[in-house]
Structure formats: structure tokens, C-alpha cells
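The values are calculated or read from the model by the stated rules, or taken from the named source; none is laboratory data. This is a predicted model, so every value here is computed, not measured. As a convention, Cβ positions derive from the backbone with ideal geometry for all residues, glycine included, and neighbour counts pool all protein chains shown. All accessible areas refer to the heavy atoms of the entire protein, side chains included, with ligands and DNA or RNA removed. Shrake-Rupley method; radii C 1.70, N 1.55, O 1.52, S 1.80 Å.
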Amino acid sequence: MQELELKIGWLYPTLMSTYGDRGNVITIQRRCQWRDIPVTIIPLDAQTEAETFYQVDIIVGGGAQDRQQEIVMRDLQGKKAAAMKEQLSAGIPGVFTCGSPQLLGHYYEPAFGQRIEGLGLLDLVSKHPGPNAKRCIGNVVFEITASPLAEEIKAMTGEKPLVIGFENHGGRTYLQTVSPLGKVITGYGNNGEDGYEGAFYHNAIATYAHGPLLPKNPFLADWLIQKALEQKYQKPIFLTKLDDSLALKARFAMFERLELTGVTNKA
């Protein structure tokens with residue numbers, strides 16, 4: 001029997017882990033290890049050759065301040081950008097939280113300084129409304145609506161795919177033709193105006209929700225793992241069920257605190 005294993009590509013871990021987003025990497029790693037699936041974590045940073053991007057099975061990106069984000073966006077160009085685009089377009093799963101979704105769009109306009117060009121992978125733009133603008137801060141809950149992600153998670157869990165996170169961003173993201181990840185129930189979402197949160201492209205999840213994201217929403221971690229294994233081994237993968245009782249209790253406590261227990265009914 002073929003032994004399964006995964007390689008996690010961690011985007012610029014020293015520059016883009018401002019809000020504890022390393023927890024997303026740890027969650028994927030632990031949930032694989034509990035299923036006896038070996039994991040290798042590969043940093044994707046300034047010292048990384050473009051060829052390394054082709055060696056990973058999942059790409060994880062976290063948040064950064066504007067200065068660090070500018071450094072990353074200027075380094076992630078040329079062959080590295082092409083490799084990352086090719087991987088995500090081919091269906092390699094990714095989870096990009098907080099500021100890293102801005103990397104995937106056409107550009108980011110910071111509060112100060114010039115526009116920073118992005119990868120142009122996602123048809124979206126991000127803009128900071130100015131130094132005096134109110135930041136989008138607080139708990140966020142949204143229902144995943146992107147297809148086929150919403151249907152696949154509903155089939156896995158038997159419940160509405162509700163995501164809990166924490167957002168803290170000054171920039172506002174505006175989607176063009178790319179599909180939104182979900183619809184905001186409480187919080188700001190992409191821009192506090194249109195009610196959408198995040199974006200979804202092939203098997204890549206982009207969202208402002210962190211906190212970090214995956215420990216609060218373990219079904220997302222399992223979906224990423226399953227997709228990565230299926231993509232790598234080109235066969236159906238069925239993951240062993242884990243005991244998520246503590247995570248579920250924490251989720252319910254947060255729904256209670258936000259007075260949203262009514263939205264958690266099974267679909």
C-alpha cells in the first residue's frame with residue numbers, strides 16, 4: 001500500500017506571520033500526523049529558488065504589515081510568481097489569510113507610498129482608504145458559498161459551512177470576476193460594503209479571517225489535506241475522522257457570544 005505524505009509550502013514565514021498565522025501550518029501538520037501522514041514544511045522565501053514551488057502540495061500564506069508585505073510582493077515576482085500561478089491554477093490547494101490574499105490580486109494601494117503590483121492571479125484589487133480611515137477589526141463569521149467548496153464541506157460535515165475568524169485589516173478588497181469565498185454574517189469582510197468575504201480560485205482559499213483560521217475551523221484543514229492528497233496521488237482520498245470535540249465546543253461558545261446560535265442549524 002502506498003504511503004501518503006505531504007509537503008507544506010510556507011510563504012515567507014519570518015515576514016508573514018504577524019497574527020499567529022503559523023497556527024494554520026501547525027494545524028495542517030498535526031492533523032496529518034494524527035493520521036500517520038508524514039509532513040515536511042518547506043519555507044518559500046527570498047532564499048528559495050522558483051523550482052521549489054513545484055515541490056509543495058499545499059501553499060500557506062499569512063498576514064504582514066504594509067512594509068513587510070511590500071518586501072514580499074516585490075520579491076514574489078518573475079519565475080517565482082510564474083511557478084506559484086502555475087501551481088494554484090493546476091489545483092494545488094492553498095490557504096491565504098489576512099494580508100496574503102492581497103498578494104494574489106492585481107495590486108495593493110497602501111495608505112502611504114505607491115501602488116504595489118500583485119501576482120494578478122485573482123481578479124481583485126485592494127486599496128487602503130487612507131491613514132485616517134477606520135480599520136476593520138473584530139470577530140467575523142461568514143457562510144462559505146463558493147462552489148464546489150460549499151457543497152464538498154457540507155458533504156463532509158453534514159452542516160452549514162460556517163467559518164469563524166478574527167479580522168484586522170486597513171485595506172479593502174474589491175472582487176471583479178473571481179468568486180467570493182462566502183457571505184458575511186457578522187463582521188466587515190472584504191470591504192465592509194458588499195457583504196462578501198474572501199475569494200475562491202480552483203482549490204485556493206483567500207480570506208481576511210485569521211485568529212488563526214484553521215484551528216477554529218478544522219473542517220477547512222481537512223478539506224485542504226484531502227484535496228492536496230487527491231491532487232498529488234490522483235485518486236480518491238478518505239480521511240480518518242478525528243476527535244474535534246474541543247474545537248466544536250469552542251466554536252459553539254463563540255457562536256453564543258456573538259448571539260448566532262440560530263445560524264448553526266444543520267443544513
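Given a cut-off of 26 Å, name the pairs among K183/K232; K85/K134; K216/K241 whose C-alpha atoms lie farther apart than that in the structure shown.
Working: K183/K232 31 Å; K85/K134 33 Å; K216/K241 17 Å.
Among K183/K232; K85/K134; K216/K241, the Cα-Cα distance tops 26 Å for K183/K232; K85/K134.
Around F166, which amide H atoms from residues at least 5 apart in sequence, or from another chain, sit under 5 Å from its own amide H, with H modelled in the peptide plane?
HN-HN under 5 Å from F166: V140, H210, G211.
Report the residues of region 210-235 in range of a label on A155: point 7 Å along Cα→C-beta, backbone N strictly under 18 Å from it.
Residues 219-235 fall inside that zone.
Relative contact order, percent, of region 6-240 when contacts are C-alpha pairs under 8 Å separated by at least 6 residues?
Numbers: 522 pairs, mean separation 51.5, N = 235.
Relative contact order here is 22 percent.
Take the Cβ-Cβ distance between E70 and R30 as r, set R0 to 35 Å, and report the resulting FRET efficiency rounded to the nearest 0.05. Kindly include the intermediate steps, with their values, before the conclusion.
Details: r = 32 Å, r/R0 = 0.92.
For E70 and R30, the calculated efficiency is 0.60.
Check I205: other-chain or 5+ apart residues with amide H under 5 Å from its amide H, H built from backbone geometry?
Under 5 Å from the amide H of I205: G94, V95, F96.
List the residues, sorted by chain then number, that are 5 or more residues from K7 or on another chain and whose placed amide H is less than 5 Å from its amide H.
T40, D57, I58
Heavy-atom accessible area per residue, region 151-257, 1.4 Å probe: how many Å²? Walk me through the numbers on the way to the answer.
Values: 4790 Å² over 107 residues.
Accessible surface, normalised per residue, equals 45 Å².
With all protein chains present, calculate the accessible area of L122 using a 1.4 Å probe and round the result to the nearest 10 Å².
We get 10 Å² for L122.
Out of Q68, Q102, M84, whose Cα points farthest toward the positive end of the dipole of region 6-240 (charges: +1 Lys, Arg; -1 Asp, Glu; placed on Cβ)?
Q68
Could you run the Karplus curve 6.51 cos²θ - 1.76 cosθ + 1.60 with θ = phi - 60° over region 161-174 and give me ³J(HN,Hα) per residue in whole Hz, x for Gly and Pro?
x, 9, 10, 10, x, 10, 10, 7, 9, x, x, 10, 10, 10
Using the Karplus curve 6.51 cos²θ - 1.76 cosθ + 1.60 with θ = phi - 60°, what ³J(HN,Hα) values do you get for each residue of region 128-142, in whole Hz, with x for Gly and Pro?
For region 128-142, the Karplus curve yields 8, x, x, x, 9, 6, 5, 6, 8, 10, x, 5, 10, 10, 9 Hz.
Using +1 on the beta carbon of Lys and Arg, -1 on that of Asp and Glu, and nothing else charged, what's the dipole of region 6-240 about the Cα centre, debye to 20? Mind showing how you got there, number by number?
Numbers: 22 positive and 23 negative charges, 55 e Å.
That gives a dipole near 260 debye.
In region 124-233, what GluC sites (Glu not before Pro) fall in a loop by DSSP, with at most 12 other Cβ atoms inside 10 Å? Before the final figure, lay out each step's value.
Numbers: sites: E143, E151, E152, E159, E167, E193, E197, E230; in loops: E159, E193.
Loop-located and lightly packed - E193.
Give me the net charge for the shell around H210: Cβ to Cβ below 15 angstrom, other residues only, Lys and Arg +1, Asp and Glu -1. Present the calculation step by step, with values, prior to reporting the outcome.
Values: positive: R22, R135, K216; negative: D21, E167, E197.
With Lys, Arg at +1 and Asp, Glu at -1, the neighbours total 0.
Report, to the nearest whole %, how much of the accessible area of the chain belongs to carbon and sulfur atoms, 1.4 Å probe, protein only. Walk me through the numbers before you get to the answer.
Numbers: 6030 of 12040 Å².
Carbon and sulfur together cover 50 percent of it.
What are the ³J(HN,Hα) values, in whole Hz, obtained from phi via the Karplus relation 6.51 cos²θ - 1.76 cosθ + 1.60 with θ = phi - 60°, for each residue of region 93-110 in sequence order, with x given for Gly and Pro?
Rounded to whole hertz, the list is x, x, 10, 10, 10, 6, x, 5, x, 5, 4, 7, x, 6, 6, 10, 9, x.
For E51 and T240, compute 0.36 nm times the residue count separating them, minus their Cα-Cα distance, and round to one decimal in nm.
Working: separation 189, 0.36 × 189 = 68.04 nm, distance 3.24 nm.
Answer, rounded to one decimal: 64.8 nm.
Quick one: ranking K235, K227 by accessible area, 1.4 Å probe, largest first, what do you get?
Descending accessible area places them as K235, K227.
Mind ordering 178-187, 124-133 by average Cβ neighbours within 10 Å, highest first?
Values: 178-187: 20.5, 124-133: 15.5.
My ranking of the peptides, most packed first, is 178-187, 124-133.
Within 10 Å, at most 16 other Cβ atoms, and a DSSP state outside H, G, I, E, B define an exposed site. Report the longest part of the chain free of exposed chymotrypsin sites (Phe, Trp or Tyr not before Pro).
Counting only loop sites that pass the neighbour cut-off, the longest clear stretch is 113-237.
What is the extension gain from T18 to E230, computed as 0.36 nm multiplied by their sequence separation minus the C-alpha to C-alpha distance, in nm to one decimal?
Numbers: separation 212, 0.36 × 212 = 76.32 nm, distance 3.10 nm.
So the extension gain works out to 73.2 nm.
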